[in-house]
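For reference, the structure is listed below as structure tokens.
Every number in this text was worked out from the coordinates using simple rules, so none of it is lab data. Computed from a predicted model, the values in this text were never measured in an experiment. All Cβ positions, glycine included, derive from the backbone under ideal geometry; neighbour counts span all protein chains shown.
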Ligand SMILES: NC(=O)c1ccc[n+]([C@@H]2O[C@H](COP(=O)([O-])OP(=O)(O)OC[C@H]3O[C@@H](n4cnc5c(N)ncnc54)[C@H](OP(=O)(O)O)[C@@H]3O)[C@@H](O)[C@H]2O)c1
């Protein structure tokens, strides 16, 4: 584990939050095959998600909730459920068309905005200095918030230089707590650094056991830019949930393929943002901080790397 990752202390405020989650959950009937007792036990076991300190001193949770494709009522319910079971980092983007649903889910969760870490992303069509400022205002207004914790350039396309300048200014004005990029390779980051006044704090890239991103991993560590994994389950592709290597490892710890995949990311110091619309899966995915993969597990998982995207249609 990276030295900087510090588990939250069990402060009074955290304790109160946890007990209120417990109390709130106790009002729910059995769901998704979990009885009430095991659901509550699962939630208690989740304890708090560790934070990492970004290169500007901001704390970011090491595990979050992805929202791509979760729109409308399902989006609202999923986000509210995710917050209820303990997620605090919520990942959205203008292009997902769900910022309003995410905002409504946050509102319905009843959790104080300051307890959350909300990420959105600037889409390619809005690249450029003026349009970035406008797109940012639209995003926060849809989300029903007056600031973002993290704003990312979604893809390295269009006028990246103008976009970055606008993001630096929004950051300096305190409207964004951290700024970063997504889908940038080391060369594209090197290019950005030739004109950036502020180094990105995060790079969110496709990362899962089948695409381990060795080069970016090394580059980002060396550059003190936090790596964040999108599609940590490859969105279910390549039969990840039935992969035998992951299943054999998981059996030793009483964990499933999803949990082993997320734990593997966490032990590499990578933030992951799994998506689910099922509360039982949300709980499983958060329940990864009570076991540790050993060196031989990590080596076996390293061998699953195909070193190729599982989303060629997005290339
Ligand atoms: N920056 C970018 O360019 C970019 C690109 C893609 C994604 N992202 C972000 O990354 C997030 C995650 O990626 P993703 O949405 O592509 O997919 P993902 O998180 O890799 O996988 C989601 C799929 O896994 C299933 N699942 C979740 N937990 C499970 C469990 N415990 N057991 C079995 N199945 C489980 C979900 O089904 P159920 O709903 O039935 O649980 C869903 O079908 C996105 O939502 C988005 O926020 C960013």
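Segment 168-206 and segment 70-105 have their alpha-carbon centroids 24 Å apart.
For segment 191-257, the equivalent ellipsoid derived from the Cα gyration tensor has semi-axes of 32, 12, 9 Å, listed largest first.
In terms of other Cβ atoms within 10 Å, 281, 94 run from fewest to most in the order 281, 94.
Between residue 303 and residue 59, the FRET efficiency from the beta-carbon distance, with R0 = 51 Å, is close to 0.90. Our analysis of segment 120-226 gives Rg over Rh at 0.97, with the two radii drawn from alpha carbon positions and Rh computed by the Kirkwood formula. Both radii are taken from the alpha-carbon atoms of the chain; with Rh as the Kirkwood radius, Rg/Rh is 0.95. Kirkwood-type hydrodynamic radius, segment 268-315: 13.7 Å, calculated from all non-identical alpha-carbon pairs.
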